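Novice: Sharing a structure, written as structure tokens. Questions coming.
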Amino acid sequence: MKKMLEDYKKGIIPLNKILEKLERLPYEDLGFAKIDTHRIIRKGFPETVYCKGKTITQIIDILKTMNTDDQNILATKANKKIYTSIKKVFSNAEYNEEAKTIIIKNEVIKQKKGTILVITAGTSDIPIAEEAVVTASIMGNTVIKAYDVGVAGIHRLFDIKDKMDQSNVIIVVAGMEGALASIVGGLTSKPVIAVPTSVGYGSSFQGIAPLLTMMNSCAEGVVVVNIDNGFGAGYFASLINR
């Protein structure tokens, strides 16, 4: 809002454009979706588009409504077919196939101070970790990674102790039994965001086992997001770092 009014004062944006934008606040009704155009003002980051369960037409209509020259857009849980369709409409769309994320950059990302460290227990946890990385990065954070340092070879974790010490927030992504979050929580004074993944054999119950392990952690300073919710972890880490 401040930037918009400053641009109007400088003569960059005409009055009718200002009125257009104000008319769309606090949300725009598309019938099948009500786009929260006010969220960037309240939260500092616009609404994120969760693609799973939506048609490609719905996703594109939502993105068209959100797409302005003064905000970046993040879409999550997007497959290659969705990206291919979006790329035809938005030439600046970028796809991270591993993270299943799409970003549309309309402004330069302003870098915050501080670092977020993203750790995975195993290689199979990387897709969810990458979702957290993309989310935290587009919100202006410096992100470093340390993958495949799980409890089956705990000596690997000790080699990244310096990275833990240098970070403001640590995200731990783990499936199977999910014990890594507790160990990291016990080794660091930094806040730890634990992300259970649906990776594991039958008794992990698609992520229920690591979720319960993480929620029952006796290490102080560990909080838990939902199963496979890399986005939620990246967003919350950004709030802490901010």
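What follows is calculated from the coordinates using simple rules that are stated; it is not laboratory data. Since the structure is predicted, the reported quantities are computational estimates derived from the model, not experimental observations. No Cβ is skipped: glycine too gets one built from the backbone with ideal geometry, and neighbour counts run over all protein chains shown.
Novice: Report the GluC sites (Glu not before Pro) located in the range 98-155 that are in a DSSP loop and have at most 16 other Cβ atoms inside 10 Å of their Cβ, or state none. Working shown, then result.
Specialist: Numbers: sites: Glu98, Glu107, Glu130, Glu131; in loops: Glu98, Glu107.
Filter output for the range 98-155: Glu98, Glu107.
Novice: Taking DSSP loops as anything outside H, G, I, E and B, show the longest stretch in the chain free of chymotrypsin sites (Phe, Trp or Tyr not before Pro) there with at most 13 other beta carbons within 10 Å. Before the final figure, lay out each step's value.
Specialist: Numbers: sites that count: Phe32, Tyr201.
Excluding the exposed sites themselves, the longest stretch runs over 33-200.
Novice: So, in nm, how far is label Asp162 from label Tyr8 when the simple model puts each one 7 Å beyond its Cα toward the Cβ?
Specialist: 5.3
Novice: While we're looking at this one, here's another question. Considering only Ala152, Ala174, Ala99, give the residue with the highest GNM mean-square fluctuation for the chain, with springs between Cα atoms whenever their separation is below 10 Å.
Specialist: Ala152
Novice: Moving on to the next point. Skipping prolines and chain starts, which residues have an amide H placed within reach, meaning under 5 Å, of the one on Thr142, given they are 5 or more residues away or on another chain?
Specialist: Amide H neighbours of Thr142, under 5 Å, 5+ apart: Lys112, Ile116.
Novice: If r is the Cβ-Cβ distance from Tyr50 to Lys112 and R0 is 35 Å, what FRET efficiency results, to the nearest 0.05? Before the final figure, lay out each step's value.
Specialist: Details: r = 24 Å, r/R0 = 0.69.
Efficiency for this residue pair is about 0.90.
Novice: Cross-link partners among lysines for Lys161, C-alpha distance below 19 Å, same-chain residues fewer than 8 apart left out?
Specialist: Counting by Cα, and skipping residues close in sequence, Lys161 has these lysines nearby: Lys145, Lys190.
Novice: Running Debye on the range 25-104 with equal point scatterers at the Cα sites and no solvent, what base-10 log of I(q)/I(0) appears at q = 0.19 Å⁻¹?
Specialist: The computed values of log10 I(q)/I(0) come out as -0.78.
Novice: Check Val173: other-chain or 5+ apart residues with amide H under 5 Å from its amide H, H built from backbone geometry?
Specialist: Ile119, Thr120, Ala121, Val195
Novice: DSSP beta bridges in the chain, what fraction antiparallel, as a percent rounded to 5?
Specialist: Values: 9 of 29 bridges.
Beta bridges within the chain, antiparallel portion: roughly 30 percent.
Novice: To continue, here is another question. Determine which lysines satisfy two conditions relative to Lys105: a Cα distance under 17 Å, and not lying fewer than 8 residues away in the same chain.
Specialist: Candidates past the 8-residue exclusion: Lys64, Lys87, Lys88.
Novice: Shifting gears a bit: When the helices in the chain are scored as -39500 (n - 2.57) per DSSP H run of 4 or longer and the sum is shared across all residues, what 222 nm value do you end up with, to the nearest 500 deg cm²/dmol?
Specialist: Values: 11 runs with 94 residues, N = 242.
Theoretical 222 nm ellipticity from helices: -10500 deg cm²/dmol.
Novice: How high is the relative contact order of the range 1-130, given as a whole-number percent (alpha carbon pairs under 8 Å, six or more residues apart)? Could you put the intermediate results ahead of the total?
Specialist: On the way: 142 pairs, mean separation 19.8, N = 130.
This gives 15 percent for the range 1-130.
Novice: Using only the alpha carbons, work out the radius of gyration and Dmax of the range 115-241 in angstrom.
Specialist: Considering the range 115-241 through its Cα atoms, Rg and Dmax are 12.7, 38 Å.
Novice: Arranged by the count of other C-beta atoms within 10 angstrom, fewest first, what order do Met4, Met164, Met66 take? Write out the running numbers ahead of the final one.
Specialist: Values: Met4 15, Met164 19, Met66 23.
Listed from fewest to most nearby Cβ atoms, that is Met4, Met164, Met66.
Novice: With labels modelled as points extended 7 Å from the Cα through the Cβ direction, what inter-label distance (nm, one decimal) is found for Asp70 paired with Lys17?
Specialist: Placing both labels 7 Å along Cα→Cβ, they lie 0.9 nm apart.
Novice: Which of (1) 0.94; (2) 1.03; (3) 0.98 is the computed Rg/Rh (Cα atoms, Kirkwood Rh) for the structure on display?
Specialist: Structure-derived value, by its label: (2).
Novice: Next up: Report, in whole Å, the centroid distance computed from the Cα atoms of the range 5-84 and the range 202-226.
Specialist: So the separation of the two Cα centres works out to 34 Å.
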